[in-house]
1. Among the residues of the range 51-71, write down those that are of a type in the set (Asp, Glu) and within 29 Å of the chain's Cα centre (by Cα).
2. For the range 111-122: of the residues being under 14 Å from VAL80 (Cα atoms) and outside any strand (DSSP E or B), which is most open to solvent (accessible area, probe 1.4 Å)?
3. If I go through the range 81-110 residue by residue, how many of them are without any contact (Cβ under 8 Å) to a residue 24 or more places away in the chain and open to solvent by 60 Å² or more (accessible area, probe 1.4 Å)?
4. Only one of these is surrounded by 13 or more Cβ atoms within 10 Å (Cβ to Cβ), more than 30 Å from GLU46 (Cα to Cα), modelled with pLDDT under 90 and of a type outside the set (Val, Ile, Thr): LEU134, LEU138. Name it.
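The values are calculated or read from the model by the stated rules, or taken from the named source; none is laboratory data. Nothing here was measured: the structure is a model prediction, and the numbers come from that model. We place every Cβ from the backbone using ideal geometry, glycine too, and count neighbours over all the protein chains shown. What goes into the accessible areas is simple: the full protein's heavy atoms, side chains included, and nothing from ligands, DNA or RNA. Shrake-Rupley method; radii C 1.70, N 1.55, O 1.52, S 1.80 Å.
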Amino acid sequence: MGKYDDIINLNYPYESDAPHPMPMHKRAAQFRGFAALRGHAESIEELLRETTEKVELTEDACQELSQRMSVVIAAAPVKVSIKHFVPDPVKSGGAYRVTRGRFLRVDSSRSAVVLAGGVTILLDNIVEIDSPALDKFL
């Protein structure tokens with residue numbers, strides 16, 4: 001007599017006409033994927049995100065930017081396009097953005113340019129400024 005002869009021919013406890021003990025959608029949920037390392041994918045994505053370093057302007061570029069800024073201040077309010085550096089809040093470096101709007105004034109207490117809508121850009125972060133007003137003076 002074999003080791004399992006006493007149970008080999010027993011009926012399966014759940015016959016095909018009997019209901020399963022657990023609904024199929026709950027059974028499937030057991031095998032659904034899960035994140036073993038929570039936040040790992042986001043960390044990898046953040047690590048791969050590239051930033052650029054802020055470029056220091058040459059003396060000539062600073063002087064030209066200053067002249068352009070003087071013209072824009074004199075012509076205010078005027079439409080402008082400002083290329084500026086935006087520091088990254090997480091990593092070192094940042095990115096260069098172009099902001100367009102209506103130039104209102106320079107806030108000397110914050111050393112920033114104020115555009116319509118309350119947009120402020122720090123003067124130290126500006127690398128280029130363009131405006132239709134510059135065509136008349138430069």
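1. Of the residues in the range 51-71, the ones of a type in the set (Asp, Glu) are 53, 56, 59-60, 64.
Matches in the range 51-71: GLU53, GLU56.
2. Selected residue: GLY117.
3. 7
4. Details: LEU138 fails: surrounded by 13 or more Cβ atoms within 10 Å (Cβ to Cβ).
Only one candidate passes the filter, namely LEU134.
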